[in-house]
Each structure stands twice: as structure tokens, then as C-alpha cells.
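The values are calculated or read from the model by the stated rules, or taken from the named source; none is laboratory data. Keep in mind it's a predicted model, so treat the numbers as computed, not measured. Counting neighbours? That spans all protein chains shown, and the Cβs are built from the backbone with ideal geometry, glycine included. Remember, those area values only see protein heavy atoms, side chains included, never the ligands or the DNA or RNA. Shrake-Rupley method; radii C 1.70, N 1.55, O 1.52, S 1.80 Å.
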Amino acid sequence: MVNVVEDRRPQVRRTVIKTLVVLAGMCVFAFALVPLYDVFCQVTGLNGKTASSAQSLVHQEVDDERTVTMQFVTRGAAGLPWRLEVEERQIRVHPGQSAEVHFTFRNLGERSLVARAVPSVTPSPASLHLRKLVCFCFENQRLAAGESFTAPLVFQLTRDLPPEIKAVTLVYTLYPQENDTVTAAMPDDGKHIDAVATRRWADRSSGGET
């Protein structure tokens, strides 16, 4: 009887080891699932996710025969005393054309806070054809109590936007952030656009814009 038990110990040990390895693999997969899903959404446009860093301008002829309505919606998060406003709720653009719209952040609270404006696009397939050249959404924003500032969004709808898409809605939702690190992200191309955005950010940093 003792010999039978001893003979089964290696088998039991192997079974336990295999089980632990499988459990460890499941845990790793669970943690990796969220970033993998985000990457998948950015590549496919699922759920209207857009690029999280600046994109370069696509040099292509503007399609003057076609006009697309761009709509902008801003939302706040519960418990965050900020307001995000856009100067124009709706504009009309031609595919291939770059356009610029300005957004104003306001901290209505009584202390300094950090937040980020997270974008999403409707309909989802349009996110694959929306290129953000300059956007405040690439970085966290830190505002002191009562502070406000205006930042540009420079974007382009590419000519290969499906013809059945007549309107695109870009939604920015504010979310509080624990990390107050601010890292600027500028595109490699379209240097005339970069100069405008850099000048505005320089004005803000020096206190020239409130």
C-alpha cells in the first residue's frame, strides 16, 4: 500500500504543477486582455476608439465635391468640477482637408486637479479615417482652482472615408487622473500646424492665456 502511494506522488506533483501553470497563464491573460483590447479597437476602429498619439498630415487632394458634417460633443465626469466647451459644435469639411477647432477647459472647483479628455468617434468606422494632428487629448491637463485655457484640435478626414458616412461625431469625455505628468505629443509632419499649437501652449505656460 505504501509503495502504491509513493508511486503516485510524482503524478500528483506533475498535476499540481500543471494546474498552477494554467492558473498563472490565466492571470497573465486577464491582465493583458485590456491593453490588447485597446490595441484591437484602435486598429479596427471598434467602439470608436482613436489614436492615442499625434498623427501626421496625409498629403492628398481635397475632395471638394463631397462635404462631411463634423459634430463635437463634450461631457464631464461625475465628481469632476470641470467644464469643457467647444467654440463650434458643428462644422462642415471636405475629405482630405485639415481643419482646426478650439476647446476651452475650465476648473470650477476649489483646488488644483488633473484630468484628461478621452475621445470616441461615431460611427465607429469613421475613427479609422479621422487623423488628429494636434490634440489636447494626448496628455493630461492640470488646472488650478478657477483656471481655464483654450487648446486646439487640428484634424483631417481622409479621402477614403466611406461615401455612406455623411456625418461624424467626435465625443470628448473628461476623466479625473491620478497621475499629473504632462507630456506633449506633436506630429512629425505639418510643421505649420505644429507652430500654431506650440505657440498657444507656450502662451499658456507663460501665463499669457487664461
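The lone criterion from (1) under 17 Å from Pro162 (Cα atoms); (2) not assigned by TED's automatic domain parsing to the domain that holds Thr169 left unmet by Gln97 is number (2). The single condition among (1) within 16 Å of Thr173 (Cα to Cα); (2) at pLDDT 95 or above that Gly79 does not meet is (2).
Collect the residues in segment 163-174 that are closer than 17 Å to Arg92 by Cα, of a type in the set (A, V, I, L, M, F, W, C) and either in a strand (DSSP E or B) or outside the structural domain of Arg83 (by TED's automatic domain parsing) (or both), keeping them in residue-number order. Across segment 163-174, the qualifying residues are Ala167, Val168, Leu170, Val171.
Within segment 86-127, the set of residues being in contact with a Gly (Cβ under 7 Å, 6 or more places away or on another chain) and over 21 Å from Val168 (Cα atoms) comprises Asn107 only.
Pairing each residue of segment 81-101 that is farther than 12 Å from Thr69 by Cβ with any residue that is open to solvent by 50 Å² or more (accessible area, probe 1.4 Å) and part of a strand (DSSP E or B), provided the two are 6+ apart or on different chains, yields C-beta distances under 6 Å for Arg83/Arg106. Among the residues making up segment 136-179, none is open to solvent by less than 50 Å² (accessible area, probe 1.4 Å) and on the phi > 0 side of the Ramachandran plot. The set of residues in segment 76-92 that are open to solvent by less than 50 Å² (accessible area, probe 1.4 Å) and in a strand (DSSP E or B) comprises Trp82, Leu84, Val86, Ile91. Among the conditions (1) within 18 Å of the chain's Cα centre (by Cα); (2) surrounded by 16 or more Cβ atoms within 10 Å (Cβ to Cβ), the only one that Pro95 does not satisfy is (1).
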